[in-house]
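Below is one structure, written out as structure tokens, with a few remarks after it.
Read-outs throughout are calculated quantities, based only on the coordinates presented, and are distinct from any laboratory measurement. Computed from a prediction, not measured in an experiment: that's the story for all the values here. Quick reminder, even Gly has a Cβ in these numbers, built from the backbone with ideal geometry, and neighbours come from all protein chains shown.
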Amino acid sequence: MSKLIIDGNKKMEGEIEVQGAKNAVLPILAATILSEGKNVIHNCPRLSDVDKTIEVLKNLGCKVVRYKDCIEVDAHDISSYTIPEELMRQMRSSIVFLGAIIAKFGKAEVSMPGGCEIGVRPIDLHLKALRQLGVEITESHGYIHCVSENPQGAKIHLDFPSVGATENTMLAACMTEGTTIIENAAREPEIEELQNFLNRMGARISGAGGDTIVIDGVRKLYGVEYSIMPDRIVSATYLACGAASKGTVVLKKAKASHMGAMINVLEGMGNKIYVEGDKVILTPAKKLTGVGTVKTMPYPGFPTDIQSPFMALATGCEGTSIFVENIFENRFRHIEELVRMGADIKIDGRVAVVIGTGKLTGAKVVAKELRGGAALVIAGLLAEGKTEIENVHYIDRGYESIENVLASCGVDIKRRE
Ligand code: EPZ
């Protein structure tokens, strides 16, 4: 198991080209099984989650070739409609293949995705929406058995604007005869990216980015080329690294319009953010100040994925910051590790109260999940002395060679196998 060793004595200063968005490329790779021809996807990040998605595609019978940031998928010889337990357990977000497999085969057999480090991750909203599209679903022996003999468009209201349920419904409905309307749809930019990709393939979808999506089913989808949008969570994480180390960070190929709530909090801490085209520039605060109360909400609210990285930054602020985690029930696991570094954080249910101490001390800490691991990197930049982070494989799920990115901006960071 590799570890990262960070010495917090250096500023992070420089330019970073932002990687493609993990949470856009995963559903788009699932969508590639729907087309007759080859799909070529550019700006795909090198992440273990992407590698696992490629494994699922190959398991289904697709030919997949990866070179540099490009992934080519040929689904012509796709033969299987199942996702076995071992693949689903490696990455529960493979559940986003469910809608696409049903659209392709009229049936699907996938292992229950189960929970993960941050929560139980139920899929009741996915299954309820698919049943409304005419899919018969039974759950037994840890598998979900789906048969769709007479699919029909439907008006679906999601009880919660679930990202995954919205994506699965779009993928299942895009080739279902008739019109499907998704009300209370998730509004994340990754949903709009999926709509753009499917429409380029020949689908007829509108409204993504808003709370109502309209899908007119089509008979065929075609192979296309597409380039993935930049990752907004990775972008904000690296801005926070600059703020933590008092360095100026320039993000290239970033999309500030996806980052409003996050930029707002960084500015609230006293940092200055400038946008010039596809560049987002952070000039660090001389003294970081506490941000009051921050509540995680569905997009365009403050993203749950940046809660732990920004909480780490808040430990370096003068004053109090309060984080309310409204989306996942177990997303405070980084706190015990931050406390080992001298942070003063109290938890009361979904509320974490951070009393900014200004300085942390380096320590041996353990990443418990993806974004909590990124939080420890930020804490390492704030801390005096060396911080050693174990379980770096969690961080590698979402951040492409994080040590090379930070080292290219002057950070004293090494990976040890
Ligand atoms: C996506 O997860 C992202 N993952 C998550 O990013 C992100 O945190 C989340 O959306 C929220 O933005 C991918 O896109 C691969 P949800 P998803 O369905 O689709 C409850 C990261 O770090 N819910 O919007 O699973 C659920 O329990 C990851 O990159 C149900 O109750 O999120 C949670 O409390 C972590 N029933 C809330 O909704 C359902 O059927 C939000 O879940 C589905 C969800």
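Taking H placed 1.01 Å from N in the peptide plane, check which residues at least 5 places from residue 8 or on another chain put their amide H under 5 Å from its amide H.
Amide H neighbours of residue 8: 385, 387.
Please list 3J(HN,Hα) in residue order for region 273-281, calculated via the Karplus relation 6.51 cos²θ - 1.76 cosθ + 1.60 where θ = phi - 60°; whole Hz, with x for glycine and proline.
After applying 6.51 cos²θ - 1.76 cosθ + 1.60, I find 10, 10, 10, 10, x, 9, 10, 10, 10 Hz.
What FRET efficiency do you get for residue 212 and residue 326 if R0 is 35 Å and r is their Cβ-Cβ distance, rounded to the nearest 0.05?
Working: r = 22 Å, r/R0 = 0.64.
About 0.95, to the nearest 0.05.
Quick one: if you stick a label point 7 Å off each Cα along the C-beta vector at residue 177 and residue 414, how many nm between them?
6.6
Rounded, prolate or oblate, given the Cα gyration tensor of region 301-342, with a/c below 1.5 counting as rounded? It would help to have the intermediate numbers written out before the result.
Details: a/c = 2.22, a/b = 1.33, b/c = 1.68.
Verdict is oblate for region 301-342.
Under a crude label model (7 Å from the Cα following the beta-carbon direction), how far is residue 80 from residue 287 in nanometres?
Distance between label points: 6.0 nm.
So how do 297, 311 line up by other beta-carbon neighbours within 10 Å, fewest first? Mind showing how you got there, number by number?
Working: 297 15, 311 27.
The most exposed by this proxy come first: 297, 311.
Can you give the Kirkwood hydrodynamic radius for the chain, in Å, rounded to one decimal and based on Cα pairs?
Numbers: mean 1/r = 0.0459 Å⁻¹.
Result for the chain stands at 21.8 Å.
Quick one: putting +1 on the C-beta of Lys and Arg, -1 on the C-beta of Asp and Glu, what dipole do you get for the chain around its Cα centre, in Debye to the nearest 20? Could you put the intermediate results ahead of the total?
Working: 48 positive and 52 negative charges, 153 e Å.
For the chain, the charge dipole is close to 740 debye.
Can you tell me the dipole magnitude for region 306-379 around its Cα centre, using point charges on the Cβ only (Lys, Arg +1; Asp, Glu -1), in Debye to the nearest 20?
On the way: 9 positive and 8 negative charges, 38 e Å.
With only Lys, Arg, Asp and Glu charged at Cβ, the dipole is about 180 debye.
Search the structure for amide H atoms under 5 Å from the amide H of residue 114, placed 1.01 Å from N in the peptide plane, and list their residues when 5 or more places away or on another chain.
none
Residue by residue, what Karplus-based ³J(HN,Hα) values in Hz, rounded to whole numbers, does region 293-301 have, using 6.51, -1.76 and 1.60 with θ = phi - 60° and x for Gly and Pro?
9, 10, 10, 6, 9, x, 4, x, x
Please check: in the Gaussian network model of the chain (C-alpha springs, under 10 Å), which one of 50, 64, 249 has the largest mean-square fluctuation.
Maximum fluctuation in the GNM of the chain, among the listed residues, is at 64.
How large is the Kirkwood hydrodynamic radius of region 117-218, in angstrom, based on all distinct alpha carbon pairs? Walk me through the numbers before you get to the answer.
Details: mean 1/r = 0.0728 Å⁻¹.
In region 117-218 this quantity evaluates to 13.7 Å.
Which whole-number value in Å³ per residue fits the convex hull of the alpha carbons of region 280-417?
Given the Cα convex hull of region 280-417, per-residue volume reads 116 Å³.
Pick from 107, 68, 359: which is most flexible by mean-square fluctuation in a GNM of the chain where alpha carbon atoms under 10 Å apart are linked?
Fluctuation is largest for 68.
Can you tell which of 363, 21, 244 shows the greatest fluctuation in a Gaussian network model of the chain with Cα springs below 10 Å?
Looking only at 363, 21, 244, the biggest GNM fluctuation is shown by 363.
So, in nm, how far is label residue 252 from label residue 276 when the simple model puts each one 7 Å beyond its Cα toward the Cβ?
1.3
Relative contact order for the chain: what is it in percent, counting Cα pairs under 8 Å that are at least 6 residues apart? Each step should come with its number before you reach the end.
Values: 1038 pairs, mean separation 88.2, N = 417.
That works out to 21 percent.
Decide, for region 330-407, between rounded, prolate and oblate: order the square roots of the alpha carbon gyration tensor eigenvalues as a ≥ b ≥ c, take rounded if a/c falls under 1.5, and otherwise choose prolate if a/b is larger than b/c, else oblate.
oblate
Translational D (Stokes-Einstein, µm²/s) of region 181-312 at 20 °C and 1.002 mPa s when Rh comes from the Kirkwood sum over C-alpha pairs?
Numbers: Rh = 16.4 Å.
Rounded to a whole number, D works out at 131 µm²/s.
With θ taken as phi - 60° and the coefficients 6.51, -1.76 and 1.60, list the Karplus ³J(HN,Hα) couplings across region 232-249 in order, rounded to whole Hz; mark glycine and proline as x.
6, 6, 5, 4, 5, 5, 6, 5, 5, 5, x, 4, 5, 9, 6, x, 8, 10
Run through the DSSP bridge list for the chain and note the antiparallel percent, rounded to the nearest 5. Working shown, then result.
On the way: 57 of 81 bridges.
Roughly 70 percent of the DSSP beta bridges within the chain come out antiparallel.
Kirkwood hydrodynamic radius (Cα pairs, Å) of region 67-156? Could you put the intermediate results ahead of the total?
Values: mean 1/r = 0.0704 Å⁻¹.
Hydrodynamic radius (Kirkwood, Cα only) of region 67-156 equals 14.2 Å.
At 222 nm, what helix-only mean residue ellipticity would the chain give, in deg cm²/dmol to the nearest 500, using -39500 (n - 2.57) for each DSSP H run of four or more? Spell out each step's value before the answer.
Values: 14 runs with 132 residues, N = 417.
Computed ellipticity for the chain at 222 nm equals -9000 deg cm²/dmol.
Classify region 8-158 from the C-alpha gyration tensor, please: rounded if a/c falls under 1.5, else prolate or oblate depending on whether a/b exceeds b/c.
Values: a/c = 2.04, a/b = 1.50, b/c = 1.35.
Prolate, since a/c reaches 1.5 and a/b exceeds b/c.
Quick one: which residues, 5+ away or cross-chain, put their amide H under 5 Å from the amide H of residue 368? H built at 1.01 Å from N.
373
Just how large is the dipole of region 98-233 about the Cα centre, in debye to the nearest 20, putting +1 at every Lys and Arg Cβ and -1 at every Asp and Glu Cβ? Spell out each step's value before the answer.
Details: 12 positive and 18 negative charges, 76 e Å.
Using Cβ point charges on Lys, Arg, Asp and Glu, region 98-233 gives about 360 debye.
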